[in-house]
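The values are calculated or read from the model by the stated rules, or taken from the named source; none is laboratory data. This is a predicted model, so every value here is computed, not measured. Every residue, glycine among them, receives a Cβ derived from its backbone with ideal geometry; neighbour counts consider all protein chains shown. Only protein heavy atoms, including side chains, enter the accessible area calculation; ligands, DNA and RNA are left aside. Shrake-Rupley method; radii C 1.70, N 1.55, O 1.52, S 1.80 Å.
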Amino acid sequence: MGQSSSLPEAPAEHSPREISTSRRFSFKTVAIASSSTYEDSEFYGEVTQGRDYTSDLPDECLASIFHFLGAGDRKRSSLVCHRWLRVDGQSRHRLSLNAQAGLLPFLPVLFARFDSVTKLALRCDRKSISLDDDALVLISIRCKNLTRLKLRGCREITDLGMATFAQNCKGLKKLSCGSCIFGAEAMNAVFEHCPALEELSVKRLRGVHDGSEPIGDKITSSSLKSITLKEILNGQCFGPLIVGSKNLKTLKLIRCLGDWDTVLEKLGNGNRGLIEIHLERLQVTDLGLSAISKCSNLEVLHIVKAECSNFGLICVAENCKLLRKLHIDGWRTNRIGDEGLIAISKECPNIQELVLIGVNPTSLSLTAIASNCQKLERLALCGSGSIGDAEFACIAAKCVALKKLCIKGCPISNAGLEMLAWGCPSLSKIKVKKCRGVSAEAAERLRERRGSLTVNWDAGEIGSMDASGCAGGAVESDVEIPVDHVAVAIAPASSNSPLALLRTKFGVFSGRSFVPCAFRRRSGGQSSSSSNL
């Protein structure tokens with residue numbers, strides 16, 4: 001140091017056996033000579049041998065880096081040193097456990113390490129014995145700040161265990177349970193002790209049956225915003241809770257037995273702030289549909305295999321002027337047609353997404369929709385025997401804002417498909433599935449004429465008609481659908497992703513490879529499972 005003309009001595013050579021494997025971050029002492037371009041100033045740097053350079057990073061920064069790791073990489077990184085193990089445990093807010101009974105002895109140690117968990121998922125398969133009430137109570141004591149809980153297949157947890165859990169975790173905001181045996185008593189305890197609960201999702205709750213007590217009849221929830229009930233034997237016992245939740249925004253009723261018209265009538269009279277309603281495979285008639293039409297702020301409506309007709313849909317159109325998304329599956333009764341759709345086109349100009357399954361619109365209703373609904377961006381027509389080349393020509397000529405289109409099981413031909421070569425100027429993606437009149441050559445010609453258009457074509461056998469393949473791409477939907485089509489064109493991936501920017505900013509770390517794949521984002525499967533919490 002201090003002699004600018006002196007050169008650094010060559011470092012001593014060491015055999016590989018003399019280098020300790022524990023010194024992951026050590027480097028040789030190297031003096032850095034000043035550059036000739038900076039003759040007026042002298043700069044010297046020295047890298048001290050044996051130093052852990054990650055020690056200069058604050059715990060918060062190290063924890064932020066850990067969040068970009070996949071599950072496997074994060075586990076391996078936690079084994080690097082005691083500090084990384086501690087930071088990893090303290091920065092994990094989301095935890096998913098295989099909730100078998102054998103996990104009980106390890107719970108104290110597990111939650112001593114992960115002491116900041118706020119989102120917890122407990123899953124147990126059908127062939128195993130799950131954690132019981134004692135385990136759930138222990139978790140509630142260790143995780144006082146728990147805000148989200150998901151239970152799947154935890155058949156050993158009873159009403160008593162859920163009641164004690166609710167008393168200890170009063171800050172719970174989201175509860176999702178499926179294939180469990182507790183019932184109405186547990187649900188009432190949760191609403192009594194967890195006033196901040198905002199989202200409730202219940203699927204196949206075995207303890208809710210015909211003799212169950214009403215849920216939420218003595219409690220008025222002001223925080224509950226979303227209720228989802230799936231495959232409940234006596235879902236009507238949730239009626240008092242649904243009607244009494246004055247700030248409810250989303251209601252999804254899916255494959256729940258019993259007559260729902262009475263519950264919906266009370267809901268329409270008491271809560272008009274609902275934004276999203278799903279009625280899927282329910283015993284609902286026009287009486288119930290006209291009742292929810294009183295929810296004037298309604299924006300999203302799904303009617304799937306319900307006993308509704310044009311009359312109920314007209315009531316919705318006349319009162320719900322803000323409707324943006326409408327899904328109709330009329331395969332059970334096929335009582336919705338041009339009359340109801342024309343009413344939607346006249347009264348609901350803000351429609352952006354329209355899915356029609358087993359509905360037979362003609363060019364009359366399609367012309368009205370295309371002319372009046374100028375904001376229509378996503379359209380799916382599945383199993384509609386009335387959708388031919390003439391109707392397709394109407395879509396191509398008038399749907400100027402359409403971006404995504406799905407046609408499945410409709411009698412269109414190559415000539416109808418090729419009309420899109422000059423129509424729908426905003427179209428970016430089209431899916432054609434199980435339309436026997438359309439060939440691969442026509443799909444290829446369409447792709448050649450509109451190079452920016454992604455065309456997916458599949459000429460599979462016509463089976464049961466649903467939104468499979470359409471919901472995943474041409475139309476945004478909550479249903480996960482495997483894509484089994486032949487891709488004619490694939491859109492390129494963007495190179496300006498947040499991941500690329502992060503790699504550029506933290507290139508100093510990636511250059512030294514101090515952790516493999518340090519900035520790899522979580523996989524799509526992990527993110528989807530996490531979103532359910």
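Numbers at a glance
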| item | result |
| --- | --- |
| Rounded if a/c under 1.5, otherwise prolate or oblate - region 191-321, Cα gyration tensor axes | oblate |
| Debye intensity ratio in log₁₀ form over the Cα atoms of region 377-460, taken at each q of 0.15, 0.20 Å⁻¹ | -0.43, -0.81 |
| Apportionment of accessible area to carbon and sulfur, region 204-302, percent (1.4 Å) | 46 |
| Given charges at Cβ of Lys, Arg, Asp, Glu: region 96-258 dipole, positive-most of GLY102, ASN247, ASN234 | ASN247 |
| Accessible area of region 40-183 belonging to carbon and sulfur atoms, whole % at 1.4 Å probe | 55 |
| 10 Å beta-carbon shell around CYS237, net charge (K/R +1, D/E -1) | -3 |
| Approximate spin-label separation GLU231-SER116, in nm, with each point projected 7 Å along Cα-to-Cβ | 3.7 |
| Lysines with Cα under 28 Å of LYS170, excluding same-chain neighbours fewer than 8 positions away | LYS119, LYS144, LYS150, LYS203, LYS218, LYS225, LYS230, LYS246, LYS249, LYS252 |
| Orientation-averaged projected area, Cα convex hull of region 286-370 (nm²) | 4.4 |
| Contour minus Cα-Cα distance for ARG449 and ARG204 (0.36 nm per residue) | 83.2 nm |
| Heavy-atom accessible area per residue - region 96-258, 1.4 Å, Å² | 43 |
| Ordering of 69-78, 148-157 by burial proxy (mean other Cβ atoms within 10 Å per residue, highest first) | 148-157, 69-78 |
| Percent of C-alpha pairs per 5 Å bin, region 96-258, short to long | 2, 9, 19, 24, 21, 14, 7, 4, 1, 0 |
| Solvent-accessible area per residue, Å², over region 296-417 with all protein chains present [probe radius 1.4 Å] | 33 |
| Unit charges on C-beta of K, R, D, E only; dipole of region 110-173, Debye | 420 |
| Compactness index (Cα Rg / 2.2 N^0.38 Å), region 37-182 | 1.45 |
| Portion, in percent, of the accessible area of region 377-460 that falls on carbon or sulfur, probe 1.4 Å | 50 |
| For region 233-333, share of DSSP beta bridges that run antiparallel, in % to the nearest 5 | 0 |
